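In what follows, a single structure is set out as structure tokens and then discussed.
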Amino acid sequence: MSDSGSERHFSKTYGEARDKFLDAARKAGAQVESLQNTCASGPDGEPLYTDFARLGPAPGEARAVLFANSGTHGAEGYCGSGCQVGMLRDGMFTHLPDGVTVVLTHAVNPYGFAWGRRVNEDNIDLNRNFVDHDAPYPDDKGYDKIHSFVCPPDLMEHKEKWDTELLAWIGEHGMEAFQEAVSSGQYSFPDGMFYGGAAPAWSNDMWRATLKKHGAGAAKVIMIDFHTGLGPSGYGELIGLGGSEAIQRANSVWGSAEVTDLQAGASSSAIVRGDLGEAFFQQFGQAWTAAVALEYGTLEMAVVLDGIRQDNWLEVHGDRQSDLGKQIGQNARECFYTETDKWKSDVYERANWAMDKALAALADQET
Ligand SMILES: [Zn+2]
């Protein structure tokens, strides 16, 4: 179903993406629900929503459930939204297997989606926020050693100087150590990068409630969480979430050659703590479960990390309306989304494949 023309499913703004999703969901006969994020609003003061399209048996009546989400990382949602819209329009869910429900969650982090940021309204990386906030936070993997030159107040004034310091650190410790330090997640610098927060974010509570409501009573549950920004351009890596048994189940769904083991360090991503999968596996501990982040490449990692770094500076110290601010915003957008028909068509094709495999696994009542 991924023939040419799939670029029409993708959007240029959060508002356009939302309209397309709601329209496609209604036309596909889905049950539609919207939850407003009352903690934030959009660039023009507009209200922000996470929207849901449910197809198949009602909550509590499904034998198996497939969750497919866009926009956990805000601006990355342009990719996942386009795929969700395309799948609804192309009739992927018209003949679902018996007892199988599909729940498409649009804009898990609507603030980041609308503002073109990866993080939420509190500068929180949602995929580092699903930790136990009452327990001591995980080790920050050295973020405290790099924060001073990664996020200085005068970053854009003295970019060369700070880049030289950063490159010297990488020269000494290696790129892998830098990726780990900067992106594993940290809980000490609210104005820093990959900040995991000090409490559950609005989207965290919303996501837990979504799992509880729509997954109630299901014996088999699969999650595909759409992401962008890591790996080769246009390629979708299936990053397996959860422990080794969950990875084995993911292997049985998509093939062991296709799934990388995040916790074993086999992925293009650093090992992270507190992703959406944590809530997923906590909620469905008694069920058969498999979960992946479907991570599509855009630009080189160093470019993406610098784009996130500049965007963080802009939010904390800069002016979004200035020429520099607009340029940084545009660059950040390109870190998470590629405006070519080829990229969109590759992305959509892979999404269809991954969803088909998940539905086939849920159709199987033996497991
Ligand atoms: Zn992401």
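Please treat every number below as a calculation from the coordinates, not as lab data. Remember, predicted model here, so these are calculated numbers, not experimental data. Here the Cβ is made from the backbone with ideal geometry for all residues, glycine too, and neighbour counts use every protein chain on show.
When each of the peptides 131-138, 74-81 is scored by how many other beta carbons lie within 10 Å of its residues on average, the order from highest to lowest is 74-81, 131-138.
Among the listed pairs 12/342; 213/357; 12/344; 141/161; 27/342; 212/357, a Cα-Cα separation exceeding 21 Å is found for 213/357; 141/161; 27/342; 212/357. Packing, taken as the mean count of other beta carbons within 10 Å per residue, orders the peptides 117-129, 167-179, 311-323 from highest to lowest as 117-129, 311-323, 167-179. Mean separation of Cα pairs under 8 Å and 6 or more residues apart, divided by the residue count, gives the range 1-110 a relative contact order of 35 percent. Remark on the range 282-347: ratio of C-alpha radius of gyration to 2.2 N^0.38 Å is 1.56.
Calculated FRET efficiency, residue 263 and residue 334, Cβ-Cβ r, R0 35 Å, to nearest 0.05?
FRET efficiency, residue 263 to residue 334: 0.70.
To the nearest ten degrees, helix 14-27 and the longest principal axis of the Cα atoms of the chain are 10 degrees apart.
How big is the dipole moment of the chain about its Cα centre under a simple scheme where the beta carbon of each Lys and Arg is +1, that of each Asp and Glu is -1, and everything else is neutral? Debye, nearest 20, please.
Rounded to the nearest 20 debye, it is 1040 debye.
With 20 Å bins beginning at zero, the pair-distance distribution over Cα atoms of the chain amounts to 31, 60, 9, 0 %. Each eigenvalue of the Cα gyration tensor of the range 220-363, multiplied by 5 and square-rooted, gives one semi-axis; in descending order these are 31, 18, 13 Å. Short-range pairs are left out: with C-alpha atoms under 8 Å and at least six residues apart, the relative contact order of the range 211-329 is 38 percent. Here the Karplus relation 6.51 cos²θ - 1.76 cosθ + 1.60, evaluated at θ = phi - 60°, turns the backbone of the range 216-223 into coupling constants of 3, x, 6, 8, 10, 9, 10, 10 Hz, with x for every Gly and Pro. For the range 316-367, the square roots of the Cα gyration tensor eigenvalues, ordered a ≥ b ≥ c, give a/c of at least 1.5 with a/b no greater than b/c, which places it in the oblate category.
DSSP bridge analysis restricted to the chain gives an antiparallel fraction near 40%, rounded to the nearest 5.
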